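Take a look at the structure below.
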Amino acid sequence: MSAIFKKANTAVITGGASGIGLALAQKCVGYGMKVLVADWDAETLGKAGETLGSAASTVRMDVSRLEDWTGLKDRVVKEFGGQINFLALNAGVGAKTAFEGEGADPAAFQRILNVNFFGVVNGILTLLPLVKEKASASADYKAAVVITGSKQGITNPPGNPAYNASKAAVKSLAEQLSFDLRAQNNISTHLLVPGWTWTALAGAAPGRQKPDAPWTPAQVADYLEQKMEEDKFWVLCPDNDVDEETDKRRMLWTADDAVKGRPPLSRWRDEYKDEFAAWMAKK
């Protein structure tokens, strides 16, 4: 899929004004692509427009609102002739949720699902027809759909049920899309699963020094490009603290809860502490 990142191709990136989305936009601009960056935050969107320069245009939108997607589609048709080579459905929000106490706010649950899950649904339903139309018209046309997930949507650590559920749903959605497009050889699907990345969701802020453990957004963008070159659906990013093998063993343990009849989230239960540690120590 090296044919994606090249001059004259186009990119549409949601949540593109900061973090991983902005790093993806910068990568595309660096290759000479035309980029349309969508985001909700007007201030960061304005700064992103200045940073990216004339090769990029911006649109303020709420990905949870289908009518906003209609406006974005109109922009794609007007500015790109309906061409999308790189569609990154990356917008996401995080908020602490719980079933009781301070986090037991139905509005927070609703907002997280609306943005993180329906923001992806809306993007696929609205823009995928444009991608497929161009792909069907020419075998030389190449496109990639990248959906940003989370390791929390796979291993489901306790403490934030709404966010975990939204990213688990996104994972399922991406898998379904990959299967549905299996016969479309010139459209690829990729699930981007970042590790600890130094973005606003992880605590990054002006004047705050990055710890050693997290990756930068640019590292995530580079890793995605590498895995796209390898035609991989799963883009399971490590970080400076957790390598790929550790992630895989954690995921296998989680999947085995159902297979072996253990209680859910056994990894975090005291009675499985020693067994989990021994499992992780295996080579």
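The label point for F99 and the one for T126, both projected 7 Å from the Cα toward the Cβ, are 3.5 nm apart.
Computed from the C-beta positions of E67 and Q176 and an R0 of 22 Å, the FRET efficiency is 0.35 to the nearest 0.05. Which of the three applies to the stretch 243-283, rounded, prolate or oblate, going by the alpha-carbon gyration tensor with a ≥ b ≥ c and a/c under 1.5 meaning rounded? Since a/c reaches 1.5 but b/c is at least a/b, the shape of the stretch 243-283 is classed as oblate. 3J(HN,Hα) along the stretch 54-66: 6, 6, 10, 10, 10, 9, 8, 7, 10, 5, 7, 9, 4 Hz, from the Karplus curve 6.51 cos²θ - 1.76 cosθ + 1.60 with θ = phi - 60°, whole Hz, x for Gly and Pro.
In a DSSP loop and with at most 10 other Cβ atoms within 10 Å, there are no chymotrypsin sites (Phe, Trp or Tyr not before Pro) in the stretch 1-40. Give me the percent relative contact order of the chain, please, defined on Cα pairs under 8 angstrom at least 6 residues apart. Once normalised by length, the contact order is 16 percent. For the stretch 63-144, chymotrypsin sites (Phe, Trp or Tyr not before Pro) are listed when DSSP marks them as loop and at most 12 other Cβ atoms sit within 10 Å of their Cβ; the list is F99.
Footprinting exposure proxy ranking of C28, C237, fewest other C-beta atoms within 10 angstrom first, gives C237, C28. The chymotrypsin sites (Phe, Trp or Tyr not before Pro) of the stretch 161-225 include none that DSSP puts in a loop with a beta carbon having at most 10 other beta carbons within 10 Å.
Taking 0.36 nm per residue of separation and subtracting the Cα-Cα distance, full extension of the segment from K282 to D257 would add 7.2 nm.
Each residue, K7 and D241, gets one label point 7 Å from its Cα in the Cβ direction; the gap between the two is 4.3 nm. Only one of (1) 19.2, 59; (2) 23.7, 75; (3) 18.1, 57 was calculated from the structure for Rg and Dmax of the Cα atoms in Å, and its label is (1).
In plain terms, the chain is cut at each of the GluC sites (Glu not before Pro) found in a DSSP loop with at most 16 other Cβ atoms within 10 Å, and the longest leftover piece is 101-229.
Local charge for G46 was computed over the other residues whose Cβ lies under 13 Å away, with Lys and Arg +1 and Asp and Glu -1, and equals -2. Projecting the Cα atoms of T44, V77, G21 onto the dipole axis of the stretch 1-143, where Lys and Arg carry +1 and Asp and Glu carry -1 at the beta carbon, places V77 farthest toward the positive end.
Values quoted throughout were computed directly from the atomic coordinates according to the rules given, and no laboratory measurement underlies them. Predicted, not measured: the structure shown is a model, and the values here were computed from it. Note that each Cβ is placed from the backbone with ideal geometry, even for glycine, and that neighbours are counted across all protein chains shown.
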